[in-house]
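The values are calculated or read from the model by the stated rules, or taken from the named source; none is laboratory data. Just so we're clear, the structure is a prediction, and the values are computed from it rather than from any experiment. Cβ: placed from backbone, ideal geometry, glycine included. Neighbour counts: every protein chain shown.
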Amino acid sequence: MSRRLVPLAPEGWIFILPVVILAAVALLTQWYIAAIVLGALAAFLLNFFRDPLRRGSEREVDVLSPADGTVVQIKDVEDGAVWPGLTRQISIFMSVFDVHVNRAPISGRIVHYRYNPGKKIAAFAEKSSLENEQNLVVIDDGRAAVAFKQIAGLLARRIVFDRKEGETVARGERVGMIKFGSRVDLFLPPEAEILVKLRDKVKVGLTVLAHLKEKA
């Protein structure tokens, strides 16, 4: 049985195609060192922009990871500092080897979207959550709200968010990506049960990070 090819994020082709063409030209002109270097770069880009199909939990109480990466912070934040009613934070650092597509952590309506320009501090640093270029997205499922920040890192060059305020998204649905190294912060209500620990590896759209309170 043949293996299915992993889909690629459409944002990647603008980077991948020129490198592949240059590698082919270098090979045809027998400039082998350049061909090897460009081939390695093409392989890196193909890996970076992969967008694997993920089918995580569909339970209403499950909050799926909005990003691939490593949990670098779990902490409480002041109510209203990010959004009213959200006081728990999980931060995920995305290395250049992780999938950089972001997916909705819950199903619901996007009640708030805001872009803030800023710095490009290394994404694993705590202050990057406040000072770096970022998008803030708040999703409300009619029972509770959950927010996440797409945060640019030291190497990040563009944050992509494909949705608009007022739209409805499904749990695990693709909503954007961050190009070249970054971080995603997830914000939850105080009664949420967090299921991950520091240094845990998580998968976008697949790992359940927390449980929300059951409907009354």
Practice task
Kindly indicate which of Gly118, Gly181, Gly142, Gly172 is of a type in the set (Gly, Ala, Ser), surrounded by 21 or more Cβ atoms within 10 Å (Cβ to Cβ) and at pLDDT below 90.
Solution key: Gly181
Exercise for the section: Could you tell me whether any residue of region 75-91 is surrounded by fewer than 21 Cβ atoms within 10 Å (Cβ to Cβ), modelled with pLDDT under 85 and assigned to a loop (DSSP other than H, G, I, E, B)? Expected result: no
Handout entry: Failed item in (1) among the charged types (D, E, K, R); (2) in a helix (DSSP H, G or I); (3) free of Cβ contacts under 8 Å to residues at least 40 places away in the same chain, with Glu11 passing the rest
Key = (3)
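Yes or no, residue by residue, for (1) over 19 Å from Ser95 (Cα atoms); (2) surrounded by fewer than 16 Cβ atoms within 10 Å (Cβ to Cβ):
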| position | (1), (2) |
| --- | --- |
| Leu28 | yes, yes |
| Ile33 | yes, yes |
| Val37 | yes, yes |
| Ala42 | no, no |
| Phe48 | no, no |
| Arg59 | yes, yes |
| Asp62 | yes, no |
| Pro66 | no, no |
| Gly69 | no, no |
